[in-house]
Amino acid sequence: MSRVEPGMVWLVGAGPGDPDLLTRKAERLIREASVIFYDALVGKGVLDLVPAHVRMVSVGKRSGRHSKDQRAIDALLVEAALWGERVVRLKGGDPSIFGRATEELDACRRAGIATCICPGVTAASAAAADLGISLTLRGMARKLVFVTAHSRNGAGLDLDWSSLADPHATLAIYMGKAAAPLVAKGLIEAGLSPDTPVALVENASHDCQTNFRTTLSLLPIAARTALGGGAAIILVGEALSAVGSIVSHARFDADYSHKS
Ligand code: SAH
C-alpha cells in the first residue's frame, strides 16, 4: 500500500525539521491527505509543504504529554478514519522511535482501520550530520543505542546503567535534557569514564541548530547552560571524540586562509 486511501491512517515521519530531509514518499502522502494530525516537533518548513485544502490539526504538546492526551489523539485518528478521511499522522523524526506509534496503531487496528508507516530521518542521524561525524566507529563504537531519558510523571529514571555504560557503544539519548545529571551520574557510577566525549545538539537540521561538545562529567552543567528551549539530543561515546578534531580543522583552515 502506498497511497492514502479514504478511511485509512498513515503514520508519517516528518524528519528532524529541515523540509529537505523529508522523504519523497512522505511529501507525496502529505499532499494526498484530507486531514493531517501533527506534533509540535514537526518543522515549520515541512508544514509549509501541506496544500491549503488539507485540514491541519495540531495535537502536540512539547513534553510531559499525559497518557489521557495520547488516548484523545488515538480517538481523533480513529474517528477521522471512520468518517472516511484520508488521515496522515505526521510525527517528528521517525514514527517508530519514541513516537507513541504503538498506541495509535493499536487503536486503529482495534477499530478495523488500515494503517501504514512511512519512516523518517531520526534526530540522532540529523545530529550526527550536523556534527559531521559517524555514530559508529570501526572497532571502537560497535553498538548504537537509542535510549530515552524521559521519566514518567517525574519518577526516577529506570535505566539499565550497567549495560548502557559500554565504552564501545554510542548512546543517542532522546528527551534527556532534564535528566542529564541523572544520566551522567548513572553512567559514571556504572563505570563509564568521566572523560567520555559527549555532544549536545539542539534543533538538529534546523537553521537555528546549535551544538556543544563536552565530557560526561560536565554534561549536567552543559545541559543546563548550553541549551535553549529547542528539542535537544545527547550523544555519548568515543565516536564523539571526532567532533573536536573537526572543529580544530576548521580553525586551521581559517588561520591558513587568513595568512595566505
Ligand atoms: N520520533 C522522533 C523522536 C521523538 S522523541 C525521532 O525519531 O527523532 C522527542 C525527542 O527527540 C526530543 O526531546 C529530542 O531529544 C529529540 N529530537 C527530535 N527532533 C530533534 C531535533 N531536530 N534536534 C535535536 N533533538 C531532536
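FYI, it's all coordinate maths here, none of it is from the lab. Here the structure is a predicted model, which is why all the values come from computation and not from measurement. We place every Cβ from the backbone using ideal geometry, glycine too, and count neighbours over all the protein chains shown.
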Can you give me the distance in nm between label points at R71 and M56, each placed 7 Å from the Cα along the Cα-to-Cβ direction? 3.0
Taking every DSSP beta bridge with both residues inside the stretch 8-118, roughly what % is antiparallel (nearest 5)? 5
Debye equation applied to the C-alpha atoms of the stretch 8-118, log10 I(q)/I(0) at 0.12, 0.19 Å⁻¹: -0.35, -0.92
Can you compute log10 of I(q)/I(0) for the chain with the Debye formula, treating each Cα as one identical point scatterer, at q = 0.09, 0.11, 0.15 Å⁻¹? -0.45, -0.65, -1.06
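State the Kirkwood hydrodynamic radius of the stretch 123-256 in Å, one decimal place, computed from all pairs of distinct Cα atoms. It would help to have the intermediate numbers written out before the result.
Numbers: mean 1/r = 0.0671 Å⁻¹.
Across the stretch 123-256, the inverse of the average 1/r is 14.9 Å.
For L192, what charge total do you get from the other residues with a beta carbon under 15 Å from its beta carbon, if Lys and Arg give +1 and Asp and Glu give -1?
Once all neighbours under 15 Å are counted, the net charge is -3.
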Residue-normalised 222 nm signal for the chain, counting each DSSP H run of n ≥ 4 as -39,500 (n - 2.57), nearest 500 deg cm²/dmol, is -10000 deg cm²/dmol
Taking amide H atoms as placed 1.01 Å from N in the peptide plane, list the residues 5 or more away in sequence, or in a different chain, whose amide H sits under 5 Å from that of L157. none
For the stretch 61-190, the spread of Cα positions along each principal axis, largest first, Å: 52, 33, 23
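What does DSSP give for the stretch 122-213 in terms of the percent of beta bridges that are antiparallel, rounded to the nearest 5?
Rounded to the nearest five, the antiparallel share is 45 percent.
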